[in-house]
Structure formats: structure tokens, C-alpha cells
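S.K.: Before we start, here is the structure in question, set down as C-alpha cells.
The values are calculated or read from the model by the stated rules, or taken from the named source; none is laboratory data. Since this is a predicted model, take the numbers as computed values, not measurements. Reconstructed Cβ throughout: ideal geometry from the backbone, glycine too, with neighbour counts over all protein chains shown. The accessibility values were calculated without ligands, DNA or RNA, using every heavy atom of the protein model including side chains. Shrake-Rupley method; radii C 1.70, N 1.55, O 1.52, S 1.80 Å.
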Amino acid sequence: MVTKVQKWGNSQGLRLSRQLLEEARISVGDEVDVAVHEGAIVVAPIKRRGGKHDLRELVKRIPKDYRGEELGWGGPVGKEVW
């Protein structure tokens, strides 16, 4: 894939095709590691520790007698509507 380095605000960036990202198993919003290796820029997905979580399994681990508490966040400090 051929693309151009483009200026975006005070930064520079590259546009990458969806197909290229799919092949690299990178999705929008994923964290990546960007490094220089022998004069080439290398972009690699960051491996997730432990993989994805299943919400049902996490909820099953909550003790039956658990009761959540209301947390106080203090009074308004600006123009918040309560």
C-alpha cells in the first residue's frame, strides 16, 4: 500500500486502509507500538494481557452478599446541574 505522510494540526499522520489493518489484526481505537527498526517505521498491535473478558463470567464472581455503596463526589464546583 502506498500512502502519504500528511499534516494534521501540529502532528503528522498516515491513513491506513481497512484491509491493511484487518491483515495486521488492528482495529480503530487499539493501542499500537510504533518503533524504528533499521530505518523503517514498524507499527505493531500491543498484545492484550489475558485476552478479552466475558462480562457474564465476571459477574458470576461477585459475592452473593455484596451490596454496593453510594459514593459521595462532593458538592458542585462549577455549573453542574444536580
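S.K.: How long is the gain from residue 67 to residue 35 if the chain were fully straight, where each residue apart is worth 0.36 nm and the alpha carbon distance is subtracted?
M.R.: Values: separation 32, 0.36 × 32 = 11.52 nm, distance 4.65 nm.
Net length gain for the segment: 6.9 nm.
S.K.: Can you bin the chain into rounded, prolate or oblate? Criterion: square roots of the alpha carbon gyration tensor eigenvalues sorted a ≥ b ≥ c, rounded for a/c under 1.5, prolate for a/b above b/c, oblate for the rest.
M.R.: Verdict is oblate for the chain.
S.K.: If you average the sequence gap of Cα pairs under 8 Å that are 6 or more apart and divide by the length of the chain, what percent do you get for the contact order? Could the numbers behind the result be given before it?
M.R.: Details: 39 pairs, mean separation 10.9, N = 82.
It rounds to 13 percent for the chain.
S.K.: Now for a different question. Of the heavy-atom accessible surface of the chain (probe 1.4 angstrom), what whole percent is carbon and sulfur?
M.R.: Heavy-atom surface of the chain belonging to carbon and sulfur, 1.4 Å probe: 54 percent.
S.K.: Mean residue ellipticity at 222 nm from the helices of the chain, using -39,500 (n - 2.57) per DSSP H segment of n ≥ 4 over the full residue count, to the nearest 500 deg cm²/dmol?
M.R.: Numbers: 2 runs with 12 residues, N = 82.
For the chain, the value works out to -3500 deg cm²/dmol.
S.K.: Starting at the first residue of the stretch 8-22, write each ³J(HN,Hα) from the Karplus equation 6.51 cos²θ - 1.76 cosθ + 1.60 with θ = phi - 60°, in whole Hz, x for Gly and Pro.
M.R.: Karplus values, whole Hz, x for Gly and Pro: 10, x, 8, 10, 10, x, 10, 9, 10, 5, 4, 4, 4, 5, 4.
S.K.: While we're looking at this one, here's another question. Within 10 Å of each candidate Cβ there may be at most 13 other Cβ atoms; applying that plus a DSSP loop requirement, which GluC sites (Glu not before Pro) in the stretch 1-78 survive?
M.R.: Counting only loop positions with at most 13 other Cβ atoms within 10 Å, the GluC sites (Glu not before Pro) in the stretch 1-78 are 31, 38, 69, 70.
S.K.: Please get the size of the charge dipole for the chain, origin at its Cα centre, with Cβ charges of +1 on Lys and Arg and -1 on Asp and Glu, quoted in debye to the nearest 20. Each step should come with its number before you reach the end.
M.R.: Numbers: 15 positive and 12 negative charges, 37 e Å.
With only Lys, Arg, Asp and Glu charged at Cβ, the dipole is about 180 debye.
S.K.: Counting only trypsin sites (Lys or Arg not before Pro) that sit in a DSSP loop (anything but H, G, I, E, B) with at most 15 other Cβ atoms within 10 Å, what is the longest stretch of the chain containing none of them?
M.R.: Details: sites that count: 4, 15, 25, 47, 48, 49, 52, 61, 64, 67, 79.
With a cap of 15 other Cβ atoms within 10 Å, the longest stretch comes to 26-46.
S.K.: Which value, in Å², gives the accessible area per residue of the chain when a 1.4 Å probe is used on the protein heavy atoms?
M.R.: On the way: 8830 Å² over 82 residues.
With the other protein chains kept in place, the chain gives 108 Å² per residue.
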